[in-house]
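Derivation of every value follows stated rules applied to the coordinates shown; laboratory data play no part. What you see is a predicted model; the values in this text were computed from it and never measured. Quick reminder, even Gly has a Cβ in these numbers, built from the backbone with ideal geometry, and neighbours come from all protein chains shown.
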Amino acid sequence: MSPSPTSDAPTARPRMPVPDGTIPVGIALLVAGIATFAFFRIGTIAVGGEDEFTPIVSLWFATFALAPGFFLPLEQELGRALAHRRAIGDGSAPVVRKITRLSAVLVAVIVLVILIASPLIASSYFDGDWLMVLALMAAFAAFAPAHVARGICSGSGRFRDYALIMGSDGVIRIVLTILLAIVGIKAAGVYGLAIAVSPLFAVWYVWRRGALKPFPRYRAATVEAPSATHDTLDHWEPDIVHDPNDALDEGSPAEWNEVTPNLGWLLLGSVFAAALLNAGPITATLLANDNEGDFVTKFSFGVLLARVPLFLFQAVQAALLPGLSRLAARGELVEFRAGLLRLAYLVVAVGVVGTAGAFILGPFAADVVYEVDLSGRTLAMLALASSFYMLALALGQAVIALKGHALVALGWGIGVVTFVLVTWLSSDELFRRIEIGLLASSIAALIAFAIALQRRLASGVIPDQGSVIEATAPLE
């Protein structure tokens, strides 16, 4: 007799859905990556050559070492706190005000430090161009509202607006560059100011359309959770009845411990990670001789080409870690380990293909895209370092999802120290010493995260919604 249709035989569980916002954010990351390649090519032509473009290269990597490093943790904590308030029906305005004040203080402190060090920065880093120092301060200040706006959008579930802020920045930068070139401006500092102001256009646009408006507090209906099966728990969230006529106020007061429980460790880890990601061109600028400006620009082109796999990984990783974290949250650690291992295999495969492609096709791509001569060895070394960084990033985000914020800060710190020591001691050749330093530092961070992940899994820690949000914010 055939089994009854209502038998208790196990059925295949449906595949886990892609988290909200993955597709628009992934597209935005790809657009931002393509726009970066285009800006470097168009900018080089606009200012008259590689040597003239060198100050802009220096500004670019300094900006993206500082701004995401300091402001990404504020975005992460704001998104986490707002998501929690939205789930319980509480208003967002007090949290937004807290983070806005904190970002303003951070901007004031860092700009003051840059101002104090400006004579040294101008002479040693920007080759005496004071307008580039002004552009650096302006860029750092402009990225503060951009990251706060992104935090509001992610915590409010407005992922299309989040993607718009992230993706439009690069497009606007290209438009401004083309307009300056048409006018006939050649001064690098003016193009540096275009980098600085480009994030503000999208922030203004989403603010005008109301996407940054804080949500008020509402009375929440009591709704019972569904039966505790795996399938229903994957999709169920507390149901909040939002009746516009029943609005209470802007929300309960926000204490500092609501918006800063992990901020210190996130800030430290983010600064180290962003510094390591941009360390190659920054170090080349600092160590290059006066007649090697075009070499710095060429090296920066190579770094961008070597990051192609990292751009692609950043575009899809937001779909992977939430699913892994749900497995850990349900106590399914065997499945969690298997999923994490598959992710590692994928990253390794992408790294192998990317490194081989950089060695074989990289010189051709560099000549076609940027009209520069770079060796296959240089591009392969940069791609290999980028691959190890990508794997370290994946493991580090998994550790954050498992509430290992301090361990992640330690791991990226070990990477930075390794880069400084290896770059200092490994070679006298400018490019080679930086390439070896980037590779060694990424490997060191990877080892630290692998050990940390093993410890977190062995401890049986359970992730929550907040740690998952903090883990999946993209590092630019």
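For a quick check: with amide H placed at 1.01 Å from N, whose amide H comes under 5 Å from V372's, ignoring anything fewer than 5 positions away on the same chain?
D367
Give me a comma-separated list of calculated 3J(HN,Hα) values for the range 118-124, in order, Karplus coefficients 6.51, -1.76, 1.60 applied at θ = phi - 60°, integers in Hz, x for any Gly or Pro.
Each residue of the range 118-124 in turn: 4, x, 5, 5, 5, 7, 8 Hz.
Can you classify the range 376-421 as rounded, prolate or oblate using the Cα gyration tensor, where a ≥ b ≥ c are the square roots of its eigenvalues, rounded means a/c under 1.5, and otherwise it's prolate if a/b beats b/c and oblate if not?
Taking the square roots of the gyration eigenvalues as a ≥ b ≥ c, the range 376-421 is oblate.
State whether the range 31-94 is rounded, prolate or oblate according to the following rule on the C-alpha gyration tensor (a ≥ b ≥ c being the square roots of its eigenvalues): a/c under 1.5 gives rounded; otherwise a/b larger than b/c gives prolate, and the remaining case gives oblate.
Taking the square roots of the gyration eigenvalues as a ≥ b ≥ c, the range 31-94 is prolate.
Taking 0.36 nm per residue of sequence separation and subtracting the Cα-Cα distance, how much length would be gained by fully extending the chain between L421 and R209, in nm to one decimal?
71.4 nm
Ranking request for peptides 153-163, 198-208, 278-288, 100-110: highest mean number of other beta-carbon atoms within 10 Å first, then the rest in descending order.
So the order, starting with the most tightly packed, is 153-163, 278-288, 198-208, 100-110.
Which residues in the range 152-196 place their backbone N less than 17 Å from a point set 7 Å from the Cα of S118 along the Cα-to-Cβ direction?
189-190, 192-193, 196
Using a simple spin-label model with points 7 Å from Cα along the Cα→Cβ vector, what separation in nm is obtained for R432 and A288?
2.0
Could you work out how much longer the chain between E255 and R455 gets when fully extended? Use 0.36 nm per residue separation minus the Cα distance between them, nm to one decimal.
Extending this stretch completely gives an extra 68.8 nm.
What net charge is computed for the residues neighbouring S103, neighbours being all others with C-beta under 13 Å from the C-beta of S103, Lys and Arg scored +1, Asp and Glu -1?
Overall, the nearby charge balance is +2.
Which value in nm describes the separation of the simple spin-label points at A87 and I23, placed 7 Å from the Cα toward the beta carbon?
Modelled inter-label distance: 2.5 nm.
For the range 15-99, run through the trypsin sites (Lys or Arg not before Pro) and keep only the ones in DSSP coil with at most 10 other Cβ atoms within 10 Å of their Cβ. Could the numbers behind the result be given before it?
Details: sites: R15, R41, R80, R85, R86, R97, K98; in loops: R15.
Hits after loop and neighbour filter: R15.
With θ taken as phi - 60° and the coefficients 6.51, -1.76 and 1.60, list the Karplus ³J(HN,Hα) couplings across the range 47-52 in order, rounded to whole Hz; mark glycine and proline as x.
Computed from phi, the couplings for the range 47-52 are 8, x, x, 5, 5, 5 Hz.
If I take R0 = 25 Å and measure r between the Cβ atoms of I178 and S375 in this structure, what FRET efficiency does the formula 1/(1 + (r/R0)^6) give, to the nearest 0.05? Please report the intermediate quantities before stating the final value.
Values: r = 32 Å, r/R0 = 1.26.
For I178 and S375, the calculated efficiency is 0.20.
Taking amide hydrogens as modeled 1.01 Å from N in the peptide plane, which residues meet the under 5 Å criterion relative to F215, leaving out close sequence neighbours?
S92, A93
What FRET efficiency comes out for the pair L346/L30, r = Cβ-Cβ distance, R0 = 25 Å, nearest 0.05?
Calculated value: 0.90.
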